[in-house]
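The values are calculated or read from the model by the stated rules, or taken from the named source; none is laboratory data. Just so you know, these numbers come straight off a predicted model, no measurement behind them. With ideal geometry, Cβ positions are generated from the backbone for all residues, glycine too; neighbour counts draw on all protein chains shown. Keep in mind that these areas ignore ligands, DNA and RNA; they rest on the heavy atoms of the full protein, side chains included. Shrake-Rupley method; radii C 1.70, N 1.55, O 1.52, S 1.80 Å.
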Protein chains: 2
Amino acid sequence: MIGATTPQLTSAQAAMLAELAPVLGPKGIVTDAATIAPWLQDWRKRWQGASPAILTPANTAEVAAIVAAAARHRVPLVAQGGNSSMVGGATPPADGSALILSLRRLDRIRSIDAEAGLSVVEAGVVLQTFNDAALTVGRRFPLTLGARGSATIGGLVSTNAGGTQVLRFGTMRGLVAGVEAVLADGSIYDGLAALKKDNRGYDLDHLLVGAEGTLGIVTAATLRLAPAVAARGVAWAGVSDPQTALALLRSFQRDTDTIESFEIMPAATLDAALAHVSGSRAPLQGRHRWHLLIEATAATDDAEAPAAMLERLLGAALAGGLVEDATIAVSEAQAEAFWRLRDSLSDAERARGPAVQFDIAVPVATMPAFMQQAASAAEHRFPGTDASGFGHLGDGNIHFHVRAPEGVDRDRWYAEDAPVITRFVHDLVDAAGGTISAEHGIGQMKRDELARIASPARMMALMAIKQAMDPLGILNPGKLLAPPARGQ
Amino acid sequence: MIGATTPQLTSAQAAMLAELAPVLGPKGIVTDAATIAPWLQDWRKRWQGASPAILTPANTAEVAAIVAAAARHRVPLVAQGGNSSMVGGATPPADGSALILSLRRLDRIRSIDAEAGLSVVEAGVVLQTFNDAALTVGRRFPLTLGARGSATIGGLVSTNAGGTQVLRFGTMRGLVAGVEAVLADGSIYDGLAALKKDNRGYDLDHLLVGAEGTLGIVTAATLRLAPAVAARGVAWAGVSDPQTALALLRSFQRDTDTIESFEIMPAATLDAALAHVSGSRAPLQGRHRWHLLIEATAATDDAEAPAAMLERLLGAALAGGLVEDATIAVSEAQAEAFWRLRDSLSDAERARGPAVQFDIAVPVATMPAFMQQAASAAEHRFPGTDASGFGHLGDGNIHFHVRAPEGVDRDRWYAEDAPVITRFVHDLVDAAGGTISAEHGIGQMKRDELARIASPARMMALMAIKQAMDPLGILNPGKLLAPPARGQ
């Protein structure tokens, strides 16, 4: 099967590779089908692409040479880091027309300045590696997510990644102080100088963050570091509903700015996680309709200990009736156990059976009502389904799932019902002033829904910018935006 | 003279106005020369433009009608708010080809949500008005600058304004949660929903922030509010050099994140301010080569009082030899007196005689060395000049002045020497990895220098984006970028 999906090189691709061979050397061009195969499919195995070669440049100059050659030969490139896209953003097209441009060999941390809190990191550095490197200089990089062992800095920048610390530190966009990228003609844009103020025209760094490799190839970024954590407190609380949960968060935020995570889940989702994680225990003894995982940190030992602070705040909330019950992790092991439950929610939910999953955001203040109204509306419109959301309440971002009726034919349901449900929920999100992609991006999965829902003004601007920055259409074609019709 | 600079309407302009008259009503079109005159020149009287009419729409729909008509008739528009640009960004071209689009009647604060810390504000709202409105709901908008009584939100967004609180809160870009704008075809882009996470393609909000009205007309913005200030501490310190000043700031920042301002000035600049502000007194008794104005704030009464904290930190710095002397303002009146000195530096410097003034930034860590090396280099290269910088050390942003030799012919010096000095200093900034515009923008003043210094990759991207978003070239033509040569 691997052989069957490996296309022959087109003449343009062959000419391009011949030109690049002396530049890239033997390590720089991979054409072995078995080596290529794992990179032709996304990790959730939803999209299968094809490509005759992977290009693996060692530095920015080699990336520039590749893009310049691709432009000359009109050969599309699909940039790839850890291949952990949730939306098929790094899977090449199935027709074999594109070559994969792997950034994984650009794996140097060029500099790390603890005093200034800045580090220049190449695109291929794995998130976990960078997290660890920051700790060794007494700092931390305050972004983490499930795929931290494979996701790379280039991919995280190009998808404006989120995670569980966005509440305090923002998404990747807020942590990027500058970008280095190869533009579609092979020229190198150097925005790495970390200037706190820079009004030299349109912000190209922000334009490249979240562009999913369709406007340029991010080769490095200057990233902001935060003070290392001296202590953390992790709490679990039971509340009656999302409205109360948000009121609790607001009351905390009036008192402190050290809340890093504020994650919400309904009882059934927690039950699924408890069933899924062997040896796990429910953090609270009684039954509660909604559960919260809360983390606060302190950067210095002088500050109020985060666990004591959470105890004080939750004590007041218990007395005031905002929470039904709460507990503070008494050890790092217990804190880790709480987080293991949270981190297993996606897998646990998947184990519950077929479901359509959404990564959506609405304004924070309206999220509690949206969660309940959207669930009711979906269950009413699609009888037998079971809908609920969990996730980053403080960011107005939840992962909303509509589970299939019991006993349904899985394949038929995915093929026929799921698309209808998708459009229905997206319309609800749009009506609430929200976004159909909070943190996963558009890729190929949400491309047509974006085009269906976005305002004409937004779509025209996106397409005009794509055409301006990549007039030949060689950068990750078909992702985020459909290619222009021929003749345009 | 006013009559002489008021051009006749071109036939395209006349047709456009005839079409718009019923839409805008009598208040919406101003053709009286005396009323127009003040808006044809920048406030520093460096650029004189000409225009036969000012359009003053009352709402976003009217702005959209104006831009659509301008596109149909190919009539350029120059957006204007408070007309407080430092770089001629809001002055129409001298040939009378453009109409002024004044946003001042879009002056509503559409909503203000203290709990969420968000406010939707129209482009024509004056900064001071908005500062005051935030205070009435127990919040504050943490951006202020000298022109706060005239600068408007639309202009502040479009120029990514800075000021003296950037150290803690960032520039306008960091305070903008979303933008509403009319694009070049008259369509309305609505990005006002304040989503903490939104990965729906290229970030159009960030693209419009700082675009100086060349990509779209910002009609409103969703702005972030900060907690109101419960108490502030203001200190003045004398130090030996900028390196020590930065070391002092870093030591403070290891202890606290409440430092909002950290302004530096050399002794001669302070002397000029003392001479300029009647009744002012030197904050410290002895002589010091460099002076610092430092402000810290607290949002709650529970927190350590900022004045006491500054006293503690400065006491330790005195003991450690980082500062030579320091004093804490003992009253609001004294704090205001310190700030009055700081706010008068620009005027005081102007009173010292002819000078070329620069608004530049380099990476924070390199600013101390840059300040001294650039001053030495300029004085050596241009004998008789006197060069120094003052301003936002913690942002890596100073206002750097090269004063003319004594007794020089003012007009000749500005005409012949100033351009050479400008290029010399800009080259130093560029070599240091800095920017020739930290907070003032490009406008017409720095347009050709941007084109001279910026990398080909940056310039090509800027021009491609401009062409994509404003293909007819009707939005603030000639600002930021030169219009494309005819035939392109």
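Right, B:GLU439: surrounded by fewer than 21 Cβ atoms within 10 Å (Cβ to Cβ) and either within 14 Å of another protein chain (Cβ to nearest Cβ) or without any contact (Cβ under 8 Å) to a residue 40 or more places away in the chain (or both) or not? For B:GLU439, the condition - surrounded by fewer than 21 Cβ atoms within 10 Å (Cβ to Cβ) and either within 14 Å of another protein chain (Cβ to nearest Cβ) or without any contact (Cβ under 8 Å) to a residue 40 or more places away in the chain (or both) - is not met. Within the range A:402-436, being assigned to a helix (DSSP H, G or I), charged (D, E, K, R) and either open to solvent by less than 20 Å² (accessible area, probe 1.4 Å) or within 14 Å of chain B (Cβ to nearest Cβ) (or both) holds for one residue alone: A:ASP430.
Selection of the range B:84-128 for residues being away from chain A (no Cβ under 14 Å), part of a loop (DSSP other than H, G, I, E, B) and open to solvent by 20 Å² or more (accessible area, probe 1.4 Å) yields B:SER84, B:PRO93, B:ALA94, B:ASP95, B:SER97, B:ARG104, B:ARG105, B:ASP107, B:ARG108. You will find that of B:GLY174, B:GLY201, B:GLY178, B:GLY149, the residue that is part of a loop (DSSP other than H, G, I, E, B), among the small types (Gly, Ala, Ser) and either within 10 Å of chain A (Cβ to nearest Cβ) or within 26 Å of A:GLY213 (Cα to Cα) (or both) is B:GLY201 and no other.
Within the range A:27-40, residues that are assigned by TED's automatic domain parsing to the domain that holds A:THR91 and over 17 Å from A:MET16 (Cβ atoms) sit with their Cβ atoms under 7 Å from residues that are open to solvent by 60 Å² or more (accessible area, probe 1.4 Å) and of a type in the set (S, T, N, Q), at 6+ positions apart or across chains, in these pairs: A:LEU40/A:GLN48.
With respect to B:GLY210, determine if the residue is within 7 Å of chain A (Cβ to nearest Cβ), modelled with pLDDT of 95 or more, farther than 24 Å from A:ILE360 by Cα and open to solvent by less than 20 Å² (accessible area, probe 1.4 Å). Answer is yes for this residue.
Conditions (1) at pLDDT 95 or above; (2) assigned by TED's automatic domain parsing to the domain that holds B:ALA147; (3) aliphatic (A, V, I, L, M), marked per residue:
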| residue | (1), (2), (3) |
| --- | --- |
| B:GLU304 | no, no, no |
| B:LEU313 | yes, no, yes |
| B:ALA319 | yes, no, yes |
| B:VAL323 | yes, no, yes |
| B:ALA335 | yes, no, yes |
| B:PHE338 | yes, no, no |
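Screening the range A:356-377 for residues that are among the small types (Gly, Ala, Ser), within 21 Å of A:LYS446 (Cβ to Cβ) and out of contact with any Asp or Glu (no Cβ under 9 Å at 6 or more places or on another chain) and picking the one that is nearest to the other protein chains (Cβ to nearest Cβ) gives A:ALA374. The listed residues are A:SER261, A:SER251, and the only one of them that is open to solvent by 30 Å² or more (accessible area, probe 1.4 Å) and not assigned by TED's automatic domain parsing to the domain that holds A:GLY163 turns out to be A:SER251.
Scanning the range B:66-83 for residues that are within 13 Å of B:GLY216 (Cα to Cα) and either outside the structural domain of B:TRP39 (by TED's automatic domain parsing) or part of a helix (DSSP H, G or I) (or both) returns B:ILE66, B:VAL67, B:ALA68, B:ALA70, B:ALA71. Of the residues making up the range B:267-284, those that are touching a residue at least 40 places away in the same chain (Cβ under 8 Å) and out of contact with any Phe, Trp or Tyr (no Cβ under 9 Å at 6 or more places or on another chain) are B:ALA268, B:ALA272, B:ALA273, B:LEU274, B:ALA275, B:HIS276, B:VAL277, B:SER280, B:ARG281. A Cβ distance below 6 Å, combined with a sequence gap of six or more or placement on separate chains, defines the contacts here; from the range B:204-224, residues that are in the same structural domain as B:ILE153 (by TED's automatic domain parsing) and farther than 13 Å from B:GLY174 by Cα reach residues that are open to solvent by less than 10 Å² (accessible area, probe 1.4 Å) and polar (S, T, N, Q) in the pairs B:GLY213/B:ASN476; B:THR214/B:ASN476.
Among the residues here, B:ALA374 qualifies as assigned by TED's automatic domain parsing to the domain that holds B:GLY394, open to solvent by less than 60 Å² (accessible area, probe 1.4 Å) and more than 30 Å from B:ALA226 (Cβ to Cβ).
For the range B:155-170, the candidate set comprises residues that are open to solvent by less than 10 Å² (accessible area, probe 1.4 Å) and over 9 Å from the mean Cα position of the chain (by Cα); within that set, the residue that is nearest to B:GLY88 (Cα to Cα) is B:VAL157.
Out of the range A:213-232, which residues are open to solvent by less than 10 Å² (accessible area, probe 1.4 Å) and farther than 30 Å from A:PRO483 by Cβ? Selection gives A:THR222, A:LEU223, A:ALA226. Pairs linking a residue in the range A:386-408 that is under 15 Å from A:GLY353 (Cα atoms) to a residue that is aromatic (Phe, Trp, Tyr), with Cβ atoms under 6 Å and 6 or more positions apart or on different chains, are A:PHE400/A:PHE358; A:ALA404/A:TRP413. Residues in the range B:264-306 that are open to solvent by 30 Å² or more (accessible area, probe 1.4 Å) and of a type in the set (A, V, I, L, M): B:ALA268, B:LEU274, B:ALA275, B:ALA282, B:ALA299, B:ALA303, B:ALA305.
Take the conditions (1) part of a strand (DSSP E or B); (2) farther than 28 Å from B:ALA348 by Cβ; B:GLN253 misses just one of them, which is (1). For B:GLY487, the test of being modelled with pLDDT under 95, assigned to a helix (DSSP H, G or I) and either farther than 27 Å from B:TRP47 by Cα or charged (D, E, K, R) (or both) is failed. The residue of the range A:462-479 that is surrounded by the fewest Cβ atoms within 10 Å (Cβ to Cβ), among those that are under 19 Å from A:ASP448 (Cβ atoms) and more than 13 Å from chain B (Cβ to nearest Cβ), is A:GLY473. Residues in the range A:145-154 that are within 10 Å of the chain's Cα centre (by Cα) and not aliphatic (A, V, I, L, M): A:GLY146 only. Of all the listed residues (B:GLY478, B:GLY441), the sole one being in a loop (DSSP other than H, G, I, E, B) and within 12 Å of A:GLY201 (Cβ to Cβ) is B:GLY441. Between a first residue in the range A:130-145 that is crowded, with 17+ Cβ neighbours inside 10 Å and a second residue that is of a type in the set (Asp, Glu), which pairs have beta carbons less than 8 Å apart while being 6 or more apart in sequence or on different chains? Close Cβ pairs (under 8 Å, with a partner that is of a type in the set (Asp, Glu)) amount to A:PRO142/A:GLU260. Scanning the range A:3-26 for residues that are at pLDDT below 95 and loosely packed, with under 13 Cβ neighbours inside 10 Å returns A:GLY3, A:ALA4, A:GLN8, A:PRO26. Filtered by the rule that a residue be more than 19 Å from B:LEU481 (Cα to Cα) and under 19 Å from the mean Cα position of the chain (by Cα), the range B:399-428 gives B:HIS399, B:PHE400, B:HIS401. Could you tell me whether B:ASP386 is buried (at least 18 other Cβ atoms within 10 Å of the Cβ) and either on the phi < 0 side of the Ramachandran plot or under 23 Å from the mean Cα position of the chain (by Cα) (or both)? Taking the combined requirement at face value, the residue satisfies it.
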